Amino acid sequence: MKKIAIFNCVMANERCTSSGCFKAFNNKEAAFERYAEEGAELMAFVRCNDCGHDWDNDENLAKKIDRLKDIGVEVVHFGACTIHNGKECKFITRLGEKFNEMGIEIVRGTHRTHRAN
């Protein structure tokens, strides 16, 4: 059974209930279909710390990342909300690189697949 986390854009709080992500996870649909046989446990649902933060000096973000590793997260799914104007948020791209360095797999999509250029 894979231990996963979903990482979404904090700006999505204004318009999103996250029900699409949870429905897809619960039904093992869309990007979560890959867990239909093996199973998955949702360990965390995380929002970024906003675009205005200094990524390299954000101690709270570092704590979030460390916590995900500590609780055994193996795969992080980036929600479709992390795409802005057709491109993946630079913050999320850097976050994905950090997760990869830590040995955590990144999947770009939850209930919808990313359509970034």
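The values are calculated or read from the model by the stated rules, or taken from the named source; none is laboratory data. Predicted model only: the values in this text are computed from it and were never measured. Counting neighbours? That spans all protein chains shown, and the Cβs are built from the backbone with ideal geometry, glycine included. Protein only, heavy atoms only, side chains kept; ligands, DNA and RNA dropped before computing areas. Shrake-Rupley method; radii C 1.70, N 1.55, O 1.52, S 1.80 Å.
Per residue, the chain exposes 57 Å² of solvent-accessible protein surface, assessed with a 1.4 angstrom probe and all protein chains in place. For the chain, CYS16, CYS21, CYS48, CYS51, CYS89 stand unpaired, since no other cysteine beta carbon lies under 4.7 Å from theirs.
Per DSSP helix of 4 or more residues, -39500 (n - 2.57); summed, then divided by the residues of the chain. What does that give at 222 nm, rounded to the nearest 500? Value at 222 nm, helices only: -8500 deg cm²/dmol.
Within the chain, which is the longest segment that contains none of the GluC sites (Glu not before Pro) sitting in a DSSP loop with at most 15 other Cβ atoms within 10 Å? Between the exposed loop sites, the longest stretch runs 39-117. Taking Lys and Arg as +1 and Asp and Glu as -1, the other residues whose beta-carbon sits under 14 Å from that of ILE71 total +2.
Checked against a 18 Å cut-off, the cross-linked pairs LYS28/LYS87; LYS2/LYS90; LYS3/LYS64; LYS28/LYS98 give Cα-Cα distances beyond that limit for LYS28/LYS87; LYS2/LYS90; LYS28/LYS98. The HN-Hα couplings worked out from phi for the stretch 34-41 by the Karplus form 6.51 cos²θ - 1.76 cosθ + 1.60 (θ = phi - 60°) are 4, 9, 4, 8, 6, x, 8, 10 Hz, whole numbers, x standing for Gly and Pro. Would you report the distance distribution of C-alpha pairs in the chain as whole percents per 10 angstrom bin, up to the bin with the largest distance? Histogram of Cα-Cα distances, whole percents per bin: 14, 49, 33, 4, 0.
Within the straight-line cut-off of under 20 Å between alpha carbons, the aspartates and glutamates reachable from LYS23 are GLU14, GLU33, GLU37, GLU38, GLU41, sequence neighbours fewer than 8 places apart in one chain being disregarded. Distance between the pseudo-spin-label points of GLU101 and ASN85 (7 Å out from Cα toward the beta carbon): 2.7 nm. With the simple spin-label model, which puts each label point 7 Å out from Cα in the Cβ direction, the GLU41 to LYS28 separation comes to 1.7 nm. Taking amide H atoms as placed 1.01 Å from N in the peptide plane, the amide H of LYS3 lies under 5 Å from those of GLU41, GLU74, VAL75, each 5 or more residues away in sequence or on another chain.
Computed 3J(HN,Hα) for the stretch 61-68, one whole-Hz value per residue from the Karplus formula 6.51 cos²θ - 1.76 cosθ + 1.60 where θ = phi - 60°, is 5, 4, 5, 4, 4, 4, 5, 4, glycine and proline marked x.
Here the chain is assigned +1 on the Cβ of each Lys and Arg and -1 on the Cβ of each Asp and Glu. Its dipole about the Cα centre then comes out at about 360 debye. What separates the Cα centres of the stretch 66-89 and the stretch 19-38 is a distance of 15 Å.
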